[in-house]
Amino acid sequence: MLFRSDLKWCSEAVEGAVKVPLNQNQFDALYSLCFNIGGTAFKNSTVVRRLNEGDYTGAAEAILMWNKPAVLQKRRQREKELFLRA
């Protein structure tokens, strides 16, 4: 229960920033990204901007911009793949 309440901010950040419909995989990928980069960075990201413009493919590509340090590159790729999965 404590874990769930500790992570509520992630759901609120994604739900508050994204104005277009998401499937569960897209939500999960964005949740993972948001948890890693923080709510403010997520809300101000190119990912969210492109998504809210209706550019789902561009948003998926923008996930890869958050690749520093280099150890995060594989994680970002997995998030992108999850986001694009129907």
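Coordinate-derived values only; no laboratory data. All values reported here derive from a predicted model rather than from experimental measurement. Counting neighbours? That spans all protein chains shown, and the Cβs are built from the backbone with ideal geometry, glycine included.
The HN-Hα couplings worked out from phi for segment 31-36 by the Karplus form 6.51 cos²θ - 1.76 cosθ + 1.60 (θ = phi - 60°) are 4, 4, 4, 4, 4, 7 Hz, whole numbers, x standing for Gly and Pro.
Extension gain, L84 to V71: 0.36 nm times the residue separation minus the Cα-Cα distance gives 2.5 nm. Each of the trypsin sites (Lys or Arg not before Pro) that DSSP puts in a loop and that has at most 12 other Cβ atoms within 10 Å breaks the chain; the longest unbroken stretch is 20-84. Mean-square fluctuations from a GNM of the chain, with a 10 angstrom spring cutoff on Cα atoms, peak among A60, A13, A70 at A70. Seen from a random direction on average, the alpha-carbon convex hull of the chain projects onto 5.4 square nanometres.
Within the straight-line cut-off of under 20 Å between alpha carbons, the lysines reachable from K43 are K8, K19, K68, K80, sequence neighbours fewer than 8 places apart in one chain being disregarded.
If the chain between Q24 and W9 were fully stretched, how many nm would it gain, using 0.36 nm times the residue separation less the Cα-Cα distance?
Values: separation 15, 0.36 × 15 = 5.40 nm, distance 1.76 nm.
So the chain would gain 3.6 nm between Q24 and W9.
In the chain, helical runs assigned H by DSSP with n ≥ 4 each contribute -39500 (n - 2.57); averaged across all residues and rounded to the nearest 500, the mean residue ellipticity at 222 nm is -20000 deg cm²/dmol.
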